[in-house]
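Step one of this worksheet: look at the structure below.
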Amino acid sequence: MPRVTLNEAVGLLTQGHTVAFPTETVYGLGADATIPEAVTRIYTTKQRPRFNPLIIHVATLESAQKLITFTPEMLKLAKAFWPGPLTLVGHKTANCSVCDLASAGLDTLGVRIPKHPMAQDLLTAIPTPLAAPSANPSGKVSPTTAQHVLESLDIPVLDGGVCPIGVESTILMCTGKVILLREGGITREDIQAIVGPLSVSTTTKITAPGQLHSHYAPNAPLRLNASYPKVGEVFLGFGPVHKSHTNLSSTGNLEEAAANLFAMLRALDGPHPIAVAPIPDVGLGRAINDRLHRAAAPRPT
Ligand code: TXA
Ligand code: MG
């Protein structure tokens with residue numbers, strides 16, 4: 001499947017087809033969230049379990065307010081971090097246009113406004129919201145380039161270059177006290193500066209991809225918190241001590257490490273186990289460690 005222009009993408013999406021598009025976090029597998037057949041194509045293309053709700057993307061706060069009810073806390077968060085890598089889960093409005101399949105039948109919906117200019121252009125050109133999970137087969141490593149998308153899915157792609165943040169959005173459940181559902185591109189520290197101490201979801205009523213055990217996984221097994229590779233392993237380093245290896249950031253910069261994470265896991269994926277250096281569990285390091293732990297988790301048999 002080819003790369004497509006913005007106009008072609010708009011045409012395909014409005015006819016109910018799926019198109020992959022860039023966001024600042026990862027590439028999304030987009031479809032018109034108001035057309036059940038289009039949303040069905042997302043689940044079948046990704047082989048994603050139907051009980052996993054999708055994130056809905058819009059261009060403006062006004063559009064978001066048509067889909068979910070905003071509490072004062074959600075408005076504060078939206079003003080602080082939108083457009084950007086934050087997903088707010090709220091109660092659906094009475095006349096929410098998103099089809100039930102996209103929210104897996106829940107009465108809540110996850111919504112975000114991406115800041116990638118091409119995502120903004122696309123969402124501005126289309127009058128309806130777009131459902132978009134990451135554009136990879138369910139459970140596999142998320143794509144941060146158009147080429148990554150094309151390597152695993154046979155779908156049209158809008159090519160917007162490399163995703164600058166490199167890990168998915170942070171997800172906050174906002175129907176009561178704010179709960180962190182998934183670490184992501186906006187740090188826990190930054191969110192707490194706006195809404196105070198956060199609860200973190202440990203187990204959950206909803207079993208969703210970010211919460212399934214094995215996820216974000218390359219084919220090769222991972223060994224975490226490794227100081228050095230053992231014989232027969234390839235190595236993913238972090239910081240100046242691992243300068244001679246593939247390195248998430250040789251200066252120890254967590255933003256750079258997040259941006260490199262998925263591309264480097266793909267590049268190292270092969271016949272050898274991947275040993276990964278320890279990553280500090282602060283700021284964006286929490287999102288990186290979350291992805292690494294799920295990538296290293298036991299695989300379904
Ligand atoms: O950065 C991102 O968020 C990317 C880009 C493409 O925008 N999208 C993404 O979508 O990561 P996905 O499908 O991989 O993540 C969807 C997650 C689900 O796993 C679930 O945890 C959460 O969003 N979610 C969505 N709707 C929800 C709801 N109503 N209640 C609880 N969690 C929800
Ligand atoms: Mg995903």
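The values are calculated or read from the model by the stated rules, or taken from the named source; none is laboratory data. Just so it is clear, the model here is predicted, and its values are computed rather than measured. As a convention, Cβ positions derive from the backbone with ideal geometry for all residues, glycine included, and neighbour counts pool all protein chains shown. Accessible surface is based on the protein model in full, side chains and every heavy atom, while ligands, DNA and RNA are left aside. Shrake-Rupley method; radii C 1.70, N 1.55, O 1.52, S 1.80 Å.
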>> Under the rule of at least 5 residues apart or a separate chain, name every residue whose amide H is placed under 5 Å from the amide H of residue 84.
In response: 113, 115
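What percent do you get for the relative contact order of the stretch 1-122 when only Cα pairs under 8 Å and 6+ apart count? All intermediate terms of the calculation are to be shown ahead of the outcome.
Details: 190 pairs, mean separation 37.0, N = 122.
30 percent.
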>> With +1 on the Cβ of every Lys and Arg and -1 on the Cβ of every Asp and Glu, and nothing else charged, how large is the dipole of the stretch 114-235 about its Cα centre, in debye rounded to the nearest 20?
In response: 460 debye
>> Quick one: 3J(HN,Hα) in Hz for the stretch 248-263, Karplus 6.51/-1.76/1.60 with θ = phi - 60°, rounded, Gly and Pro as x.
In response: 4, 6, 6, 9, x, 8, 6, 5, 5, 5, 4, 5, 8, 3, 5, 5
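So, for the chain, what is the accessible surface per residue at a probe of 1.4 Å, expressed in square angstrom? Can you show the working numbers first?
On the way: 12490 Å² over 301 residues.
On a per-residue basis, 42 Å².
Which length gain, in nm to one decimal place, applies between residue 200 and residue 95 when the Cα-Cα distance is subtracted from 0.36 nm times their residue separation?
On the way: separation 105, 0.36 × 105 = 37.80 nm, distance 3.03 nm.
Fully extending the segment from residue 200 to residue 95 adds 34.8 nm.
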> Relative to the Cα centre, what is the charge dipole magnitude of the stretch 58-154, using +1 at the beta carbon of each Lys and Arg, -1 at the beta carbon of each Asp and Glu, and rounding to the nearest 20 debye?
Replying inline: 280 debye
> For residue 139, which sequence-distant residues (separation of 5 or more, or a different chain) have an amide H within less than 5 Å of its own amide H, given hydrogens modelled in the peptide plane?
Replying inline: 216
>> So for each of 219-229, 128-138, 35-45 I average, over its residues, the number of other beta carbons within 10 Å; can you give me the resulting order with the highest mean first?
In response: 128-138, 35-45, 219-229
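So for the chain, averaging the separation of alpha carbon pairs under 8 Å that are six or more residues apart and normalising by length, what relative contact order in percent results?
Working: 677 pairs, mean separation 60.7, N = 301.
Computed over the chain, the figure is 20 percent.
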>> Through the Karplus equation 6.51 cos²θ - 1.76 cosθ + 1.60, θ set to phi - 60°, convert the phi angles of the stretch 234-245 into ³J(HN,Hα) values in whole Hz; use x for Gly and Pro.
In response: 9, 10, 10, x, 8, x, x, 5, 10, 4, 7, 9
>> What's the ranking of 94-105, 286-297, 17-28 by average number of surrounding C-beta atoms within 10 Å, highest first?
In response: 17-28, 286-297, 94-105
> So what's the angle, to the nearest 10 degrees on a 0 to 90 scale, between helix 284-296 and the longest Cα principal axis of the chain?
Replying inline: 80 degrees
>> Tell me the relative contact order for the stretch 136-249 as a rounded percent, counting alpha carbon contacts under 8 Å between residues six or more apart.
In response: 20 percent
>> Taking the 0 to 90 degree range and rounding to the nearest ten, how far is the long axis of helix 72-81 tilted relative to the main principal axis of the chain, both from C-alpha atoms?
In response: 60 degrees
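Suppose every K and R has +1 on its Cβ and every D and E has -1 on its Cβ; what is the size of the dipole of the chain about the Cα centre, in Debye to the nearest 20?
On the way: 24 positive and 22 negative charges, 127 e Å.
Taking the Cα centre of the chain as origin, the dipole is about 600 debye.
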> In sequence order, what are the phi-derived ³J(HN,Hα) couplings for the stretch 45-51 according to the Karplus relation 6.51 cos²θ - 1.76 cosθ + 1.60 with θ = phi - 60°, rounded to whole Hz, with x for glycine and proline?
Replying inline: 4, 7, 6, 9, x, 5, 7
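Could you give the length gained by full extension between residue 267 and residue 177, i.e. 0.36 nm per residue of separation minus their alpha carbon distance, to one decimal place? Could the numbers behind the result be given before it?
Numbers: separation 90, 0.36 × 90 = 32.40 nm, distance 4.04 nm.
This chain segment gains 28.4 nm when fully extended.
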> Per-residue ellipticity at 222 nm for the chain, helices alone: DSSP H runs ≥ 4 residues times -39500 (n - 2.57), over residue total, nearest 500 deg cm²/dmol?
Replying inline: -8500 deg cm²/dmol
> Residue farthest toward the positive end of the dipole of the chain, with Cβ of Lys/Arg at +1 and Asp/Glu at -1: which of 282, 137, 193?
Replying inline: 282
> What residues qualify as long-range amide H neighbours of residue 247, i.e. H under 5 Å apart, gap of 5 or more or another chain, H built at 1.01 Å from N?
Replying inline: 237
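Using 1/(1 + (r/R0)^6) with R0 = 41 angstrom and r between the beta carbons of residue 5 and residue 231, what's the FRET efficiency to the nearest 0.05?
Values: r = 49 Å, r/R0 = 1.20.
My answer for the efficiency is 0.25.
Of the listed pairs 115/243; 92/177; 115/177; 140/243, which have alpha-carbon separations greater than 23 Å here?
115/243; 115/177; 140/243
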